[in-house]
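Following: one structure in structure tokens, then a few remarks.
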Amino acid sequence: MRVSLLLFFLCLTTFLFAQPDFYGGTIKEKIPVKMKLSWDVKTQQFSGSYFYVSVGEEIKLESRAITNRKDSLTIYEYVGTDQEPNAKFKGLFMSNGDFRGWWSDNFGQKFPFQFTLENSVKIKYVSKNGFTYPQVSGMANAQVMEKVNRILKEYKKGTVRIEAEEDNGSYRDVLDFDIVFNGRHVLTLYQEQLHYSEDPEYLMGSTGKYVCINLKSGLLLKFTEVLSETSKKNLSGKLIKENEGCKDFLDKLGIEEILNKVALTQKGILFPVPNCGAPGRFDNDVPFIIPYSKINGYIAPNGLLK
């Protein structure tokens, strides 16, 4: 059953389009694809990206502003730095959130596509005291939902102004977060804090951290909830090999600590590797992702990935 875009927006804007939505599906009925879409209320446009599971490279997506009540929606794709679209998805949102239709490119190829909404939880944004933070709703277990929302209150958008002592000027911290993934019974976020001097204005530094919440327990995700304890040795080797320039820094911090901050994304398992290129001033985690197709031997027997 299809629904009009207008009705779809009225029903779901509070939840689904206050956040990125995550889809999984196929093109040509056999090519696995993952998609991420966000709805901008101000511009009346969709934006996001998608990638072929076998390739993993993200392709930019963007729609035109929607100004009428037609059911059909066209989302254009852009490869690299191209200013003109290379292909498009034209289809309908179904009442269950699925997106179905036809993909076509500039060379005349045309194939059917079908994407299923994979969100694990509904999210809305709450504004309070000058800050905006995400909150989940509609979870069956109220106690777990309360735990999740307690964690989420720490992840905010907004500005903190700091009046320094005499002659030291004033500063401000700009807080922002991004919902990296909402699926597989987890919610993964990235929180960034930019540190600015205001007179003169310049970026003094930044911090950025990943967090992954297990939506079944309401607590931060644990390594053994997705991967087996015995896989730590092999994964430690992978981390060191792929980040050889940071080996001393990683050894000092401790590989065990990095592994224990495991997170799930659309593409695979994420380990937040500290930025050893500029420790201190720009303390942003760098995502090291292992595709799901390459972790079959590491999965915990009774974990979230089974």
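Read-outs throughout are calculated quantities, based only on the coordinates presented, and are distinct from any laboratory measurement. Everything numeric here is computed off the predicted structure, so don't read it as measured data. Using ideal geometry, Cβ is built from the backbone for each residue, glycine included, and neighbour counts are taken over all protein chains shown.
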Review point. Label points 7 Å out from Cα along the Cβ direction at Met204 and Ser54: separation in nm?
Key: 5.2
Review point. Farthest toward the dipole's positive end in segment 222-306, which of Asn260, Ser293, Leu227, given Cβ charges of +1 (Lys, Arg) and -1 (Asp, Glu) about the Cα centre?
Key: Ser293
Study note, to complete from the structure: Protection proxy (average C-beta count within 10 Å per residue), highest first, orders 114-127, 30-43 as 114-127, 30-43
Exercise for review: Given the peptides 101-108, 222-229, 78-85, arrange them by the average over their residues of other C-beta atoms within 10 Å, most packed first.
Suggested key: 222-229, 101-108, 78-85
**Study point:** Fully extended contour minus Cα-Cα distance, from Ile240 to Lys90, at 0.36 nm per residue
**Key:** 49.6 nm
Review point. Across segment 74-89, in residue order, what do the Karplus-derived ³J(HN,Hα) couplings come to in whole Hz, using 6.51 cos²θ - 1.76 cosθ + 1.60 with θ = phi - 60° and x for Gly and Pro?
Key: 10, 10, 9, 10, 10, 9, x, 9, 4, 8, 9, x, 9, 6, 8, 10
Point to revise | Per-residue ³J(HN,Hα) for segment 231-244, Karplus 6.51 cos²θ - 1.76 cosθ + 1.60, θ = phi - 60°, Hz, x for Gly and Pro | key: 7, 4, 5, 5, 5, 4, x, 4, 4, 5, 5, 7, 10, 4
Exercise for review: Report, to two decimal places, the Cα Rg of segment 122-191 normalised by 2.2 N^0.38 Å (N = number of residues).
Suggested key: 1.41
Check your understanding: What are the ³J(HN,Hα) values, in whole Hz, obtained from phi via the Karplus relation 6.51 cos²θ - 1.76 cosθ + 1.60 with θ = phi - 60°, for each residue of segment 25-32 in sequence order, with x given for Gly and Pro?
Key -> x, 9, 10, 6, 6, 8, 9, x
Point to revise | Extension gain from Ile31 to Arg172, taking 0.36 nm per residue of separation minus the Cα-Cα distance | key: 46.1 nm
Point to revise | Under-5 Å amide H pairs with Lys261, H placed in peptide plane, nonlocal only | key: none
Check your understanding: Considering the values [x] 1.09; [y] 1.18; [z] 1.25, which represents Cα Rg over 2.2 N^0.38 Å as calculated for the structure under consideration?
Key -> [x]
